[in-house]
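Take a look at the structure below.
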Amino acid sequence: MDVLVIGATGKSGRPVVDALVARGAKVRAASRTPGAAAPGAEPVRFDWDDRSTWRPALEGAEGLYVVGPVRQSEPELLMHQLLDDADGIRRVVLLSVLGADRLPSLVPMAGWEHDLRMSGREWTVLRPNWFQQNFGEGFAGPLRERGVLELPAGEAALSFVDTRDVGEVAAVALTSGGHGGQVYELTGPSALTHGEALSALGRADGRDLRYVPQEPAAFAAALRGRGVAERSVEWQLALFRLMREGGNAVVTSTVREVTGRPARSFLAYAEGA
Ligand SMILES: NC(=O)c1ccc[n+]([C@@H]2O[C@H](COP(=O)([O-])OP(=O)(O)OC[C@H]3O[C@@H](n4cnc5c(N)ncnc54)[C@H](OP(=O)(O)O)[C@@H]3O)[C@@H](O)[C@H]2O)c1
């Protein structure tokens, strides 16, 4: 199976590429800066903002893993156009997000899921919980500079998922049958708060790391200050509201059922396992 991975250099795309290569798939790793592709994969250029890059990237691929265009102003339209262009693709795994079904008019991922279902292709939707790897990448700056992470997450517990598990589930769904028409909610094996997660990381690293609950309005103001589009501010606020209401505490057995191995724990991630 020849698979195109869009978003291949990101937190979820990298482990998807690794897991596909390990399963013997021929992988094309697509991003705007394809030089950074993983070993064993062919780097290709793909830019959501430059449609001339789409067809060359899709050429010859039968499988597609897609991280959608979250920073673009018309994310639903772009996904719709990509699925139109991807006429040779027969199997698609879409990265969505846990809770997309509960926020259908707010998050673009809900629209992507709908379009994919209507596309006539064999499809699998992944709805992962928040990634354990956010603590190493997305949150790295504030944690390094101040040892403090501020988010509007309240004291909610989340079953953070390891992106290597997301990658392995995606690779199984892309390279073997029986996963078409499935929506997989992917979580870690237990739920913990951001405070508990930071304590575990701090203990493992010998650092004092703290979580400070942030007011949603302050979070939104910070996003707007960075030039984030209003629509994106709205859906990010909605995801945090869902989290504070307990929507991300659910623990599923899907990683084990699909891969045959237990989901990796946050403690293992913190200890660098
Ligand atoms: N973070 C979480 O906790 C979490 C949890 C569940 C679901 N999700 C979903 O995950 C998605 C984000 O995925 P991720 O965390 O893997 O992303 P990421 O780490 O931010 O990586 C984004 C990837 O997309 C590429 N990219 C960025 N802009 C692009 C463009 N204009 N055209 C083509 N490629 C582009 C990046 O490479 P270049 O910059 O080189 O192009 C990179 O490979 C979102 O849809 C989010 O809803 C995230």
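The values are calculated or read from the model by the stated rules, or taken from the named source; none is laboratory data. What you see is a predicted model; the values in this text were computed from it and never measured. Quick reminder, even Gly has a Cβ in these numbers, built from the backbone with ideal geometry, and neighbours come from all protein chains shown. Please note that ligands, DNA and RNA were not included when accessible areas were found on the heavy atoms of the full protein model with its side chains. Shrake-Rupley method; radii C 1.70, N 1.55, O 1.52, S 1.80 Å.
Which value, in debye to the nearest 20, describes the size of the charge dipole of the stretch 32-114 about its Cα centre when Lys and Arg Cβ atoms bear +1, Asp and Glu Cβ atoms bear -1, and nothing else is charged?
I would put it at about 220 debye.
Check residue 68: other-chain or 5+ apart residues with amide H under 5 Å from its amide H, H built from backbone geometry?
95
Net charge near residue 127, counting Lys/Arg +1 and Asp/Glu -1 over other residues with Cβ under 11 Å of its Cβ?
-2
In degrees between 0 and 90, to the nearest 10, how far off the longest principal axis of the chain does helix 230-244 point, with axes built from Cα atoms?
The angle comes out at about 60 degrees.
Against the longest principal axis of the chain, how steep is helix 75-85, in degrees 0 to 90 to the nearest 10, with axes from Cα atoms?
Around 20 degrees separate the two axes.
Check which residues have an amide H placed less than 5 Å from residue 4's amide H, if you skip close sequence neighbours.
Under 5 Å from the amide H of residue 4: 28, 62, 63, 64, 65.
Heavy atoms only, probe 1.4 Å: what % of the accessible area of the stretch 170-255 goes to carbon and sulfur, would you let me know?
It is 50 percent, rounded to a whole number.
Given a 1.4 angstrom probe, what's the average accessible area per residue across the chain, in square angstrom?
Result: 43 Å² of accessible area for each residue.
Return the loop-located trypsin sites (Lys or Arg not before Pro) in the stretch 56-165 (DSSP other than H, G, I, E, B) with at most 11 other Cβ atoms within 10 Å of their own Cβ; answer none if there are none.
Sparse-neighbourhood loop trypsin sites (Lys or Arg not before Pro): 71.
Please report, in Å, the Rg and the Dmax of the stretch 1-138, where both are computed over Cα atoms only.
Rg and Dmax of the stretch 1-138, Cα atoms, are 14.1, 39 Å.
Can you show me the helix-derived [θ] at 222 nm for the chain, built from DSSP H runs with n ≥ 4 at -39,500 (n - 2.57) apiece and divided by the number of residues, rounded to the nearest 500.
Per the formula, -11000 deg cm²/dmol.
Sticking with the crude label model, points 7 Å out along Cα→Cβ, report the distance from residue 196 to residue 77 in nm, one decimal please.
Calculated label separation equals 4.4 nm.
Considering the zone a paramagnetic label at residue 207 would reach in this model (a point 7 Å from Cα along the Cα-to-Cβ line), which residues of the stretch 131-169 have amide N under 15 Å from it?
Zone members listed by number: 133-150.
On the Cα set of the chain, report Rg and Dmax in Å, please.
18.2, 52
Which percent of the accessible heavy-atom area of the stretch 80-156 goes to carbon and sulfur, probe 1.4 angstrom?
Here it works out to 50 percent.
Which GluC sites (Glu not before Pro) in the stretch 98-161 pass both tests, a DSSP loop state and at most 13 other beta-carbon atoms within 10 Å?
Sites meeting the loop and neighbour criteria: 137, 155.
Between the helical axis of 163-175 and the dominant principal axis of the chain, each derived from Cα atoms, what acute angle in degrees is found, rounded to the nearest 10?
The answer is roughly 20 degrees.
Output ³J(HN,Hα) for the stretch 5-20: one whole-Hz value per residue in order, computed from phi by the Karplus curve 6.51 cos²θ - 1.76 cosθ + 1.60 with θ = phi - 60°, and x for Gly and Pro.
10, 8, x, 5, 9, x, 4, 8, x, 4, x, 5, 4, 4, 5, 5
Where Lys and Arg each count +1 and Asp and Glu each count -1, what net charge lies around residue 35 among other residues with Cβ under 13 Å from its Cβ?
Neighbour charge sum, excluding residue 35 itself: +1.
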